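The values are calculated or read from the model by the stated rules, or taken from the named source; none is laboratory data. This one's a predicted model, so the numbers in the text were calculated from it and none came from an experiment. Note: ideal-geometry Cβ built from the backbone for every residue, glycine included; neighbour counts use all protein chains shown.
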Amino acid sequence: MASGTSRDVLGRGLRVLGRAIREQPRIFAVAVAGSVLFGLMVIASAYVVGGVVGKVVVPAIARGSVAGGVLALAAAALFGISVLRVVGIFGRRLGAGYMQYRLQAAYRRRVTRRYLDLPLAWHHRNATGTLLSNANSDVEAAWYPIAPLPFAVGTLVMLVGAVVSLFLTDWALALVGLAVFPALFALNVVYSRRMAPRQARAQRLRAEVSGIAHESFDGALVVKTMGREAQETARFAARAGELRDALISVGKLRGVFDPMLETLPSLGTLAVLVVGAVRLRQGAIDVTELVSVAFLFTVLAFPVRAIGWVLAELPRSVAGWDRVRRVLNATGEMPYGEATLDPATPTPATLAFRDVHFGYEPAEAHLPGAEVLGAVSFTVPAGKTVALVGPTGAGKSTIASLAVRLVDPGTGTVTLDGVDVRDLTAASLAANVALVAQVPFVFDDTVRANIALDRPGVGDEEVWAALRLAEADGFVAALPDGLDTMVGERGTSLSGGQRQRLTLARALAGRPRLLVLDDATSAVDPRVEAAILAGLRTPADGGAPASILVVAYRRATIALADEVIYVEHGRVLARGTHAELLATVPGYADLVTAYEQAEQEREQPRPYDEVTPLTSGLEIEVDR
Ligand SMILES: Nc1ncnc2c1ncn2[C@@H]1O[C@H](COP(=O)(O)OP(=O)(O)O)[C@@H](O)[C@H]1O
Ligand SMILES: [Mg+2]
């Protein structure tokens, strides 16, 4: 890395530290005060030790007796200094710890908060593993130098104090200090510059390793069933090996510089003794002063390292901060409007798409985004059910996302009761529409918490009502603890169909005025699926039905819809009742029939399932 870039890292690192200080000025002041107190006491201790040697030890040797009064005074001074040093260390450590962990917590909150605010389009472009490492190790790395920072600032004050006191003692000894201290400082700077690229590389690899691990866990099922354990392990091992090499190169550099940083102050002490002996003979200084200065050089060596610690952590801090800032400054936020729909009226909503065009943002900015939807227009009238039918990749899920404003159209409008969804407040949108997605997501919590989501007005009664509508009351009642049953992470203790019905109940519990079902009951038994939809269209409690936009494949389900919209390649090709489309649109009839056949094959027992090993000795392994 060019030295210009390293200087850049130093400047940017100091700016990151400046930001930290601005955010926690009081705690920082406490920590620095503790550190300065410690530094001044280090200098004071050197002069007291010098004084003890010059005024007590030397006369004692000369006279053969110890002056009791002076000795007691020296002991009291050393004790007082020690107490103040302890107070200083305590203040510094406590302050630095508070500051570091408070900043970490604050920025973790900000980053995760930002994740929730950023639109789906942003999440599509960013891997989950990266997001995890942004909130975790990047936030930590950004604030690492905070721990030694107060120590380093106190040390700078101490060095200035030391040089001043050296000049007050003797100019020749002061020159030794002026040679050694800047050399120490320079060595630390060189060290941190060399460290910069190595630390940045290690930090990047940490994120990549975490990303690969996350992907493997996420795809555990695929990895196992496809027998890809070995490849996944190899992929992980390769990156983990790179991280190891990067960290070893960090260690090697430490191995070279640490001894130099240790040795320099010792050389300084040696120089003081040589120069001091000459000055002593010339009568320029006395024994007290010589011992004080020599001792000062010894005790200064350790605190000076604190400056090196801060400088060495700066590159990593800058790398971490850059990645954190990328999240905090990410654009593409979807601003909400000010309009509200009156959710108090329990009437269903009218959804309308007007000439909607949409394309996902390309993965790389220079590529053109392909159009996914072209001129899509349709209406879901209040209280009606509209089925979206079309082959995989036709754009059904995209239409569902637009309907609940997970994404915004490129051109055209999506309106709810005539109001552009972009003009609605976030709360109004959430109160009026609900999406049940293709892949059900269940929180690692109780059934009750999963459905109520802490929403006001959703008590046990409402939860049970929603479960009944979703045909889920039966299996929930049969669970060991009913509503209090914990469902595992991602609902692993539930079947796919049960998970889908729980997420449906969650949507229903909010009494949405528009319900969007994106193939949300595909894992539910076909008869139950039709029963759910029929129940939603004519609620048992006599209330108004919600308007429903449902992505469906099964004939029985589609047949319940008031209107079917047939999409292919992002365009509405036909609309009408199920019977009309079956009669007039060849692609539609083919699709519905093909799906039915596929499902029948899946559900019907294979012919040889009935064959027992006794009647056919060859059919021993029956794969159900
Ligand atoms: N996040 C995404 N980024 C880029 N392209 C996408 C994304 N999601 C879907 N697509 C593309 O948009 C088209 C429509 O997808 P989708 O709406 O999921 O179809 P359907 O639900 O009908 O199967 C497909 O060509 C698909 O590849
Ligand atoms: Mg889909």
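Only one entry in R506, R511 is within 30 Å of A352 (Cβ to Cβ) and crowded, with 23+ Cβ neighbours inside 10 Å, namely R506. Among the candidates A574, A540, A579, the residue that is small (G, A, S), over 18 Å from I399 (Cα atoms), modelled with pLDDT of 90 or more and surrounded by fewer than 18 Cβ atoms within 10 Å (Cβ to Cβ) is uniquely A579.
Taking (1) within 13 Å of ligand 2 (Cβ to nearest atom); (2) part of a helix (DSSP H, G or I); (3) within 26 Å of the chain's Cα centre (by Cα) in turn, S397 satisfies each apart from (3). Tell me whether region 369-379 contains one or more residues that are over 23 Å from R125 (Cα atoms), more than 14 Å from ligand 2 (Cβ to nearest atom), surrounded by 17 or more Cβ atoms within 10 Å (Cβ to Cβ) and touching a residue at least 40 places away in the same chain (Cβ under 8 Å). Yes; the residues of region 369-379 include at least one that is over 23 Å from R125 (Cα atoms), more than 14 Å from ligand 2 (Cβ to nearest atom), surrounded by 17 or more Cβ atoms within 10 Å (Cβ to Cβ) and touching a residue at least 40 places away in the same chain (Cβ under 8 Å). Of note, V272 does not satisfy the criterion of being among the hydrophobic types (A, V, I, L, M, F, W, C), closer than 27 Å to G13 by Cα and modelled with pLDDT of 85 or more.
Please determine whether any residue of region 481-498 is closer than 19 Å to L517 by Cβ, part of a loop (DSSP other than H, G, I, E, B) and in contact (Cβ under 8 Å) with a residue 24 or more places away in the chain. The answer is yes, given that some residue of region 481-498 is closer than 19 Å to L517 by Cβ, part of a loop (DSSP other than H, G, I, E, B) and in contact (Cβ under 8 Å) with a residue 24 or more places away in the chain.
Report yes if some residue within region 248-261 is within 30 Å of V157 (Cα to Cα), basic (K, R) and in contact with a Ser or Thr (Cβ under 6 Å, 6 or more places away or on another chain); otherwise report no. No. Taking region 514-600 and the helices (runs of 4 or more DSSP H) fully enclosed by it, the elements with 2 or more residues that are farther than 14 Å from L469 by Cβ and out of contact with any Ser or Thr (no Cβ under 8 Å at 6 or more places or on another chain) are at 555-558, 578-584.
To keep it simple, each residue is scored yes or no on (1) of a type in the set (A, V, I, L, M, F, W, C); (2) loosely packed, with under 14 Cβ neighbours inside 10 Å; (3) in contact with a Leu (Cβ under 7 Å, 6 or more places away or on another chain).
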{"position": "G18", "(1), (2), (3)": "no, yes, no"}
{"position": "R22", "(1), (2), (3)": "no, yes, no"}
{"position": "V56", "(1), (2), (3)": "yes, no, yes"}
{"position": "V70", "(1), (2), (3)": "yes, no, no"}
{"position": "A76", "(1), (2), (3)": "yes, yes, no"}
{"position": "I81", "(1), (2), (3)": "yes, no, no"}
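Sub-6 Å Cβ pairs linking a first residue in region 390-405 that is more than 16 Å from N432 (Cβ to Cβ) to a second residue that is within 6 Å of ligand 1 (Cβ to nearest atom) and of a type in the set (A, V, I, L, M, F, W, C), at least 6 apart or interchain, are G395/V372; T398/V372, ordered by first then second residue.
A quick yes/no check of all residues on (1) crowded, with 17+ Cβ neighbours inside 10 Å; (2) not charged (D, E, K, R):
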{"position": "R85", "(1), (2)": "yes, no"}
{"position": "G91", "(1), (2)": "yes, yes"}
{"position": "L94", "(1), (2)": "no, yes"}
{"position": "R114", "(1), (2)": "yes, no"}
{"position": "H124", "(1), (2)": "no, yes"}
{"position": "P150", "(1), (2)": "yes, yes"}
{"position": "V153", "(1), (2)": "yes, yes"}
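Inspection of region 379-393 finds no residue satisfying the criterion of being near ligand 1 (Cβ under 10 Å from one of its atoms), touching an Asp or Glu at 6+ places or on another chain (Cβ under 7 Å), under 18 Å from A561 (Cα atoms) and in a helix (DSSP H, G or I). Contact map, region 83-97: first residue in contact (Cβ under 8 Å) with a residue 12 or more places away in the chain, second residue assigned to a helix (DSSP H, G or I) and among the hydroxyl-bearing types (S, T, Y), Cβ cut-off under 7 Å, separation 6 or more or different chains; pairs are G88/S35; R92/S35.
Here the condition is being surrounded by 15 or more Cβ atoms within 10 Å (Cβ to Cβ) and either under 24 Å from the mean Cα position of the chain (by Cα) or at pLDDT 90 or above (or both); of A277, A207, it holds for A207 alone. Within region 429-448, the presence of at least one residue that is polar (S, T, N, Q), more than 16 Å from ligand 2 (Cβ to nearest atom) and surrounded by 21 or more Cβ atoms within 10 Å (Cβ to Cβ) is confirmed. Pairs linking a residue in region 427-450 that is within 17 Å of G497 (Cα to Cα) and in contact (Cβ under 8 Å) with a residue 40 or more places away in the chain to a residue that is within 16 Å of ligand 1 (Cβ to nearest atom) and basic (K, R), with Cβ atoms under 8 Å and 6 or more positions apart or on different chains, do not occur.
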